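Structure, as structure tokens:
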Amino acid sequence: MNWQLLPQFAITGLLNGGPIALMALGIVLVFKSSEVFNFAHGQMLLIGAMAAWWFASPEGMGLPLWAAIIAALAVSVLLGLAIERLTLRPMTGQPLLSIILMTLALGQFLQGLTIFVFGTTQRNFPVIFSVTNPYRITLPLTYNDNPIVVVLRQNLVWSFVIAMICVIVLVLFFQYTRTGLAMRATAENHETAQSVGIRINHVFGISWAIAGVIAAISGILIATASGLDLSLSIVVLAAFPAVLLGGLESIPGAVLGGLIVGLAQGLVGLPNNSFFMGPAAAQAIRNSAEIVPYILLLIVLVIRPDGLFGQKRIERV
Amino acid sequence: MAVLRPSGDFDTSYEHDLAVVRQRWQWALLLLLLLALFTLPYYAPAPTVSLINRIGIAIIAVQGLNILTGYTGQISLGQAAFMTVGGYISALLVGAAGWSFFLALPVAGLGAGLVGLIFGLPSLRVKGFYLVMATLSAQFIIPWLTRHIYPSLLNGAQGINVPVPTFSLPVIANTCFLGTTFNAELGTCVYRFATPSQFIHITLGVLIVSTIVALNISRSRLGRALISVRDNDLAAELLGVNLFAYKLKAFFIAAVYAGVAGALLAHNLRHINSQTVGLVDSIMFMGMLVVGGLGSNLGPILGATLVVLLEELATVLAPPAAALLPTLAGGATAALKPLLFGLALMLFLIFEPRGLAHRWMLIKAAWRLRPYAR
């Protein structure tokens, strides 16, 4: 183990977990209200970021960045509403397989649509946070009498901060607004919610709209850090295990799951000096960031199938 | 769906009761169809033969998935991963170990089946959506393993080249029979399945076997037990169906089918790497199954045919679409394939959730009941 670099990799991983947590939150939000697991979240991410790029770039509308982001969020709201009305409303009461396949098909459709409209070229997303001067933080720790310094890119830190602000805003929204209360009631039980006068179709629409906004924000955060191309829709694959890790219906669980996935991905990247494995195996472990979430997922499914915070509603066999 | 038989079609013996193909004219049509397919290379252009080849391989993979998802009700997004396993096993056995392809093919199926068992284990504890995620993890872990373990053998991300399947006959009376050519190095007569027009005979042969096996699984004790697990697992358990054993059997059978399809694909493309089949293909197989009809033996055939033809339509439509929208240059096929597939699957899920096979049953019933009912 390389103890000198451990804090650097752990903190970078944890900060990377911020956007993952935000993506997981978008999925949990829709699942909580309508019990639809949104496999098309990655494509919503992609479309949100692409829209922001189009509104901001001179090739598109050439708006200032803040206006472009607001316009992209509006597009995402419309997209979320359209998805709910056109594809998932007809599926109400259908079996699980049909609903899972519906969002998978929707993902494929949106992916094709995005390529159709924007092409396959890599886009330069406008830089929001400075890339030149990273933050250097000296931790109050020493290792072999060397002080431990953690170097953090600005976009990493600010993405994390923005993701956490979104989480807090959402939690406040759920706790302190009438709409939030209606959404919580719907999540609890559809029929009971309807019987006290909540229009659950509206609630489904609102949750898809919020999910669209969250997807667009996470898409923009990731695109500004690592460029914008079609692979953005694959980034969300790291968030699926995060959702299950936390428990499908739990907002704090989704956030914690995202952070755990980020931390795990950061830690396996640590240069390890292969004293109990061959150098090839050590190298393979360093490259395993893409499968670590899924290995965690398998472990969680075997030990605690309802996740860390999930309700014990899962059907055991 | 009640069994509606044309009037006069009675069972006169136990054999007749068990028969799948009930009428002489049905046998004649079936044999004619098979003859037309097997002689395809002699009259159809090469792209058509290649297309039928692709359809055949897709049908085999979807037939496996049908047993797992259609009959047993266990949703799996890992079918493409098990195809990768089968492809690699066959490629290594034929390429590195020098086995005959026809021996390697069943071994590839069994190997993939064993890997399928491992990823089926979570089905003992979780079901529904959680199982989807467990099988999805196969879709990430298996390709990653092929990229990172035994790089000397598996050649990392580049993948490996797969040899041409051959079969050899001894030289009889100084001549080579059955279209084989003499190979001086081996001293035997060798036939190479090098092009799609030669390979299609293997695909069709395997397809016939796989269809017969799937058909008989679905109407034997095994198939009825699997259906009972799907419809009501508690009741099934009370009736003496061992849930664990039957779910694992379903996973095993599905993965065997996937492994065989993967081996065929690898030898057809002559190359395999971790990207040859991926998550999108797993989604496509599920889509084919739904488009065709879950839990019917006709479903995989109709669904795989329709979806592969849609893919083909996307490649045909791509140049005019690219001419229409200049921004699309180069990405037209990449755009149209998921677009058409997603649209078709969504429309089927909303308007025809029981698939083409159900529609075909309705058409048949309407034909038999005419002119009284529609």
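For A:Leu308, list long-range residues whose amide hydrogen, built 1.01 Å from N in the peptide plane, is under 5 Å from its own amide hydrogen.
HN-HN under 5 Å from A:Leu308: A:Gly246, A:Gly247.
Using a Cα-Cα cut-off of under 17 Å, which aspartates and glutamates could be cross-linked to B:Lys364, ignoring same-chain neighbours fewer than 8 residues away?
Within the straight-line cut-off, B:Lys364 pairs with B:Asp9, B:Glu352.
When you look at the Cβ of every residue in B:52-62, what mean number of other chain Cβ atoms sits within 10 Å?
That average works out to 0.
Can you run the Rg to Rh ratio on segment B:103-147? Use alpha carbon positions and the Kirkwood inverse-distance Rh. Could you put the intermediate results ahead of the total?
Details: Rg = 12.2 Å, Rh = 11.5 Å.
Result: Rg/Rh = 1.06.
Whole-Hz Karplus ³J(HN,Hα) for segment A:143-155, in order, using 6.51 cos²θ - 1.76 cosθ + 1.60 and θ = phi - 60°, x for Gly and Pro?
Result, rounded to whole Hz: 9, 6, 6, 9, x, 8, 10, 10, 9, 10, 5, 4, 5.
To the nearest 10 degrees, how steep is helix A:292-303 against the longest Cα principal axis of chain A, on a 0 to 90 scale?
The angle comes out near 70 degrees.
Would you mind finding the longest exposed-site-free stretch of chain A, with exposed GluC sites (Glu not before Pro) meaning DSSP loop and at most 11 other Cβ atoms within 10 Å? Can you show the working numbers first?
On the way: sites that count: A:Glu59, A:Glu315.
Result, exposed sites excluded: A:60-314.
Using θ = phi - 60° and the Karplus curve 6.51 cos²θ - 1.76 cosθ + 1.60, what whole-Hz ³J(HN,Hα) does each residue of segment B:17-33 get, with Gly and Pro shown as x?
Couplings: 5, 7, 5, 8, 9, 9, 10, 4, 5, 5, 4, 4, 4, 4, 5, 5, 4 Hz.
R0 = 45 Å: FRET efficiency of B:Leu317 with A:Gln4, Cβ-based, nearest 0.05?
After rounding, the FRET efficiency stands at 0.20.
Can you give the helix-only mean residue ellipticity at 222 nm for the protein assembly as shown, where every DSSP H stretch with n ≥ 4 adds -39500 (n - 2.57) and the sum goes over all residues, rounded to the nearest 500 deg cm²/dmol?
Dividing the helical sum by the residues of the protein assembly as shown leaves -21500 deg cm²/dmol.
Identify all aspartates and glutamates with a Cα-Cα distance to B:Lys127 below 14 Å; exclude those on the same chain that are fewer than 8 residues away in sequence.
Result set, ordered by chain and number: A:Asp306, A:Glu315, B:Asp231, B:Asp233.
Hey, what D do you get for segment B:175-311 in µm²/s if you plug the Kirkwood alpha-carbon radius into Stokes-Einstein at 4 °C and 1.567 mPa s?
73 µm²/s
Where a Cα-Cα gap under 16 Å defines reach, which lysines qualify for A:Lys32, not counting those fewer than 8 residues away within the same chain?
A:Lys312
Filter the trypsin sites (Lys or Arg not before Pro) in segment A:121-205 down to the DSSP loop ones having no more than 16 other Cβ atoms within 10 Å, then list what survives.
Qualifying residues, ordered by number: A:Arg199.
I want to check the label-to-label distance for A:Ser98 and B:Asp17. Put each point 7 Å from Cα in the C-beta direction and report it in nm to one decimal.
3.6 nm
For segment B:184-286, calculate the relative contact order in percent as a whole number, restricting contacts to Cα pairs under 8 Å that are 6 or more residues apart.
Numbers: 29 pairs, mean separation 23.3, N = 103.
After rounding, I find 23 percent.
Please give, to one decimal in nm, the separation of the simple spin-label points placed at B:Leu114 and B:Arg359, each 7 Å out from Cα toward the Cβ.
4.3 nm
Would you mind giving the three semi-axes, in whole Å and largest first, of the ellipsoid equivalent to chain A according to its Cα gyration tensor?
Its equivalent ellipsoid spans semi-axes of 33, 25, 19 Å.
Averaged across orientations, what area in nm² does the convex hull of the alpha carbons in segment A:1-159 project? Mind showing how you got there, number by number?
Values: hull surface 52.1 nm².
Averaging across all directions leaves 13.0 nm² for the Cα convex hull.
If you scale each eigenvalue of the Cα gyration tensor by 5 and take the root, what three semi-axes come out for segment A:1-62, rounded to whole angstrom and sorted largest first?
Values: eigenvalues 184, 104, 11 Å².
Each semi-axis is √(5λ); the values are 30, 23, 7 Å.
Can you sort B:Lys247, A:Lys32 by how many other beta carbons sit within 10 Å, fewest first? Mind showing how you got there, number by number?
On the way: B:Lys247 25, A:Lys32 20.
Lowest to highest Cβ neighbour count: A:Lys32, B:Lys247.
For the protein assembly as shown, what does the convex hull of the Cα positions come to per residue, in cubic angstrom?
Cα-based convex hull of the protein assembly as shown, divided per residue, equals 212 Å³.
For B:Thr188, list long-range residues whose amide hydrogen, built 1.01 Å from N in the peptide plane, is under 5 Å from its own amide hydrogen.
Correct list: B:Asn183.
Report, in degrees rounded to the nearest 10, the 0 to 90 angle that the Cα long axis of helix A:65-83 makes with the longest principal axis of chain A.
The helix A:65-83 is inclined about 50 degrees to chain A.
Please report, for the Cα atoms of segment B:43-369, the Rg to one decimal and the Dmax as a whole number; what are they, in angstrom?
Here Rg and the maximum Cα pair distance are 20.9, 66 Å.
Kindly state, as a whole number, the per residue volume in cubic angstrom of the convex hull around the alpha carbon atoms of segment B:23-144.
Once divided by residue count, the hull of segment B:23-144 is 157 Å³.
Which whole-Hz ³J(HN,Hα) couplings does segment A:193-202 yield from phi under the Karplus relation 6.51 cos²θ - 1.76 cosθ + 1.60, θ = phi - 60°, glycine and proline marked x?
Couplings: 4, 4, 5, 9, x, 8, 7, 6, 5, 5 Hz.
All of the numbers you see were taken from the coordinates with simple rules; none came from a lab. Only a predicted model underlies this, so the values are computations on that prediction, with no experimental measurement involved. So basically every Cβ, Gly included, is an ideal-geometry build from the backbone, and we count neighbours across all protein chains shown.
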